[in-house]
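For reference, the structure is listed below as structure tokens.
The values are calculated or read from the model by the stated rules, or taken from the named source; none is laboratory data. Note that the structure is a prediction, hence the values are computed from the model and not measured. Quick reminder, even Gly has a Cβ in these numbers, built from the backbone with ideal geometry, and neighbours come from all protein chains shown.
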Ligand SMILES: Nc1nc2c(ncn2[C@@H]2O[C@H](COP(=O)(O)OP(=O)(O)OP(=O)(O)O)[C@@H](O)[C@H]2O)c(=O)[nH]1
Ligand SMILES: [Mg+2]
């Protein structure tokens, strides 16, 4: 993307059309970084690139203690990559770290090929996957916020280029001011629109106060939506793509006659642009207000531990702290196949040293789902007792039953079958509502509708 094309970006959806749909990926191996770590980051960047529909032609790593201020990688290395890119007619160079406007300029000038960075790629994926009005506005807001601080440097840059001419001095400053004003106005407009949508969301959430709320969170592509579909008997889009889900979906789930709300939301990723975290804060309101967090993990992923850390860090950033959490280690079927391990052995090898419950499952193969349901049920009932004790008699579980459930969920050997009833949602106070196109089904606060009558 030439610097001018970047300029267009402030106002338009970025497009990758008109060039070969392929890329070379570039990363630095910095001091203190292990080669495996860099490789893993590049694998993820490759997945992001493929999610955008670009083919990865090659990956290049250069060992440097810090980025070159002008060209990010060393100028010699850039020459090599440029030659390679020309030879294979590559459409884009994609860098694993954020580039400064000056670096973008020099890389593009040297190579003649548009340069994108990780943030650009993530923003483009988000823009493509945004389905609702709210998600679209949030992505636009994130993009403009990303561009605003870069404006001056970008223009200074253009100025310097033209600088030789001399008489144009000052035109750039005026242009910057004009652009900055336009962008700031647009940001203010977007914020206002988003606030209105947020208000509607708040009203909706207030109306279903007396339900225990469980929020699924996790790294992208770990299987949150697949699990949501399984638990809520839904058919939401689950794909082997990063950021398949951008909007929050809330469904009513009933386990053993105990109802609760389950939400599925946007996944996290390392180096998630902070503008995106900011603008998606409201999408994550469900998680912030949840009583219980289901932290879903892809335990078959080589970096699952680092992913857990990234998710916990991001949760902190958006204000999700100190919540009862259940760690759900998904995709055990892959470990079983690849490493020839049984469930017990996987539990032994992969459990974390934490106090919270940890359940190992496969959402696609239906492994250990009963135990997961029982654990969720146990925590949900605890929350009902704590927060809505007046509702507990209606749920029909007394202390004895809860104690029995606790014993069952602690004993991993032989989980007893606890039947799970899923009621037809239409019969239970659901009114499909789509205000501001947020995909949330409303739950009636009429308790006779919420709770199963025994
Ligand atoms: N082998 C295996 N694949 C799974 C399992 N659960 C989910 N998947 C696959 O993993 C991919 C991602 O699943 P999603 O449910 O879309 O993941 P997500 O966490 O919602 O992802 P985002 O919305 O993109 O953040 C899909 O191809 C699923 O079929 C599992 O238990 N085992
Ligand atoms: Mg999803």
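Filtering the range 356-372 down to residues that are assigned to a helix (DSSP H, G or I) and surrounded by fewer than 22 Cβ atoms within 10 Å (Cβ to Cβ), which residue is nearest to ligand 2 (Cβ to nearest atom)?
369
Of all residues in the range 187-212, which are touching a strand residue (DSSP E or B) at 6+ places or on another chain (Cβ under 9 Å) and either under 18 Å from residue 283 (Cβ atoms) or within 16 Å of ligand 1 (Cβ to nearest atom) (or both)?
Answer for the range 187-212, where residues must be touching a strand residue (DSSP E or B) at 6+ places or on another chain (Cβ under 9 Å) and either under 18 Å from residue 283 (Cβ atoms) or within 16 Å of ligand 1 (Cβ to nearest atom) (or both): 201, 204, 205, 208.
Is it true that some residue in the range 327-336 is in the same structural domain as residue 235 (by TED's automatic domain parsing), over 24 Å from residue 236 (Cα atoms) and modelled with pLDDT of 95 or more?
Scanning the range 327-336 turns up at least one residue that is in the same structural domain as residue 235 (by TED's automatic domain parsing), over 24 Å from residue 236 (Cα atoms) and modelled with pLDDT of 95 or more.
For (1) at pLDDT 65 or above; (2) over 25 Å from the mean Cα position of the chain (by Cα), each residue gets a yes or a no:
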| residue | (1), (2) |
| --- | --- |
| 364 | yes, no |
| 384 | yes, yes |
| 399 | no, yes |
| 413 | no, yes |
| 420 | no, yes |
| 426 | no, yes |
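Which one of these does residue 140 not meet: (1) over 19 Å from residue 15 (Cβ atoms); (2) part of a helix (DSSP H, G or I)?
(1)
Checking the conditions here, which among 103, 62, 140 is outside the structural domain of residue 19 (by TED's automatic domain parsing) and under 30 Å from the mean Cα position of the chain (by Cα)?
140
Taking only the range 310-342 into account, find how many residues are farther than 15 Å from residue 288 by Cα and more than 14 Å from the chain's Cα centre (by Cα).
Here the count works out to 17.
Residue by residue through the range 213-233, note down the ones that are in a loop (DSSP other than H, G, I, E, B) and touching a strand residue (DSSP E or B) at 6+ places or on another chain (Cβ under 6 Å).
Matches in the range 213-233: 222, 223.
Is there a residue being within 27 Å of residue 245 (Cα to Cα) and part of a loop (DSSP other than H, G, I, E, B) anywhere in the range 41-52?
yes
Can you tell me which residue among 315, 335, 294 is part of a helix (DSSP H, G or I) and touching a residue at least 60 places away in the same chain (Cβ under 8 Å)?
315
Can you confirm whether residue 307 is assigned to a helix (DSSP H, G or I) and crowded, with 18+ Cβ neighbours inside 10 Å?
yes
Would you be able to tell me the number of residues in the range 86-107 that are buried (at least 19 other Cβ atoms within 10 Å of the Cβ), part of a helix (DSSP H, G or I) and modelled with pLDDT of 90 or more?
Total meeting the criteria: 3.
Out of all the residues in the range 227-263, which are at pLDDT 85 or above and within 8 Å of ligand 2 (Cβ to nearest atom)?
228
Of the residues 51, 59, 71, which single one is modelled with pLDDT under 95 and buried (at least 17 other Cβ atoms within 10 Å of the Cβ)?
51 is the lone residue from the list that is modelled with pLDDT under 95 and buried (at least 17 other Cβ atoms within 10 Å of the Cβ).
Going through the range 108-128 one residue at a time, which ones are within 16 Å of residue 23 (Cα to Cα) and part of a helix (DSSP H, G or I)?
108, 111, 118, 119, 120, 121, 122, 124, 125
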